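Read-outs throughout are calculated quantities, based only on the coordinates presented, and are distinct from any laboratory measurement. Computed from a prediction, not measured in an experiment: that's the story for all the values here. Cβ placement follows ideal geometry from the backbone for every residue including glycine, while neighbour counts extend to all protein chains displayed.
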Amino acid sequence: MSNRSHEKLTLRCLESSDQPTFDDAIRQFTGSGFSFAFGYTPGDDFAKYLRTLDDQRRGINLLPGQVPSLFLLGVVGDTVVGRLSLRLELTEALRNIGGHIGFGVCPKHREKGYAKAMLRESLHLARQFGLPRVLLTCDSTNAASQRTILACGGRLENMVLDATTGAEKERYWIDL
């Protein structure tokens, strides 16, 4: 039986005051193979990172292969419990591996319903941005992500091999 939290989870953009709890969240994933923060490690220029995320949200100054996207924190109270990326467009690579939405819950906050809450909130946002459906992918061995995606209406389309990692990925669509 899961330990469900009674505090409400919100999705929001990263703010300068989040740095300590954000850095802690990053450390929780060290060595896991999961990138909690793209292009940032504790000790980097946090203000510069915030500007980069704002550029990505606005779709400006993007690096090759990047698309307009939102990097959002799952927050309960003042604690970062996870993160979610909502990509507003897909490249060919993202159509195969990555999709519109990627999420992760910090290890010490798992099995409390936060992944489902983050994904459900992101579906409302995706709809607001005019996306008719969203693609999510996960490793075929990631039962927790599979359960979350299915609980939020995901339909398995197919499985593909990630040429970079050799992992088999499941591709799910959710109609909005």
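List of remarks:
- Entry note, the chain: the mean residue ellipticity at 222 nm calculated from DSSP H runs of n ≥ 4, each adding -39500 (n - 2.57), is -9000 deg cm²/dmol after division by the residues and rounding to the nearest 500.
- Eligible lysines near K8 by straight Cα distance, threshold 18 Å, same-chain separation 8 or greater: K108, K112, K116
- Shape category assigned to the range 9-175 from the gyration tensor of Cα positions, a/c cut at 1.5: rounded
- Whether the range 89-140 is rounded, prolate or oblate, judged on the alpha carbon gyration tensor where a/c under 1.5 counts as rounded: oblate
- Residues whose placed amide H lies under 5 Å from that of S69, excluding near-sequence neighbours: R57, G59, L88
- Low-density loop positions, trypsin sites (Lys or Arg not before Pro), the range 84-176 - DSSP coil, at most 16 other Cβ in 10 Å: R110
- Candidates T91, T141, T52: whichever shows maximal mean-square fluctuation once the chain is modelled as a Gaussian network with Cα springs under 10 Å: T141
- Under-5 Å amide H pairs with K169, H placed in peptide plane, nonlocal only: S140, V160, L161, D162
- The string of couplings for the range 157-171 from the Karplus curve (6.51, -1.76, 1.60, θ = phi - 60°) is 8, 6, 10, 9, 9, 7, 5, 6, 9, x, 7, 7, 10, 9, 10 Hz, one whole number per residue in order, with x for Gly and Pro.
- Within a Gaussian network of the chain (alpha carbon springs, distance under 10 Å), most fluctuating of T30, T148, T137: T30
- Listed from fewest to most Cβ neighbours within 10 Å, the set L50, L11 follows the order L50, L11.
- Average Cα contact separation per residue, the chain, under 8 Å, 6 or more apart, as relative contact order %: 19
- Among A115, A144, A37, residue whose mean-square fluctuation peaks in a GNM of the chain (springs only between Cα atoms under 10 Å): A144
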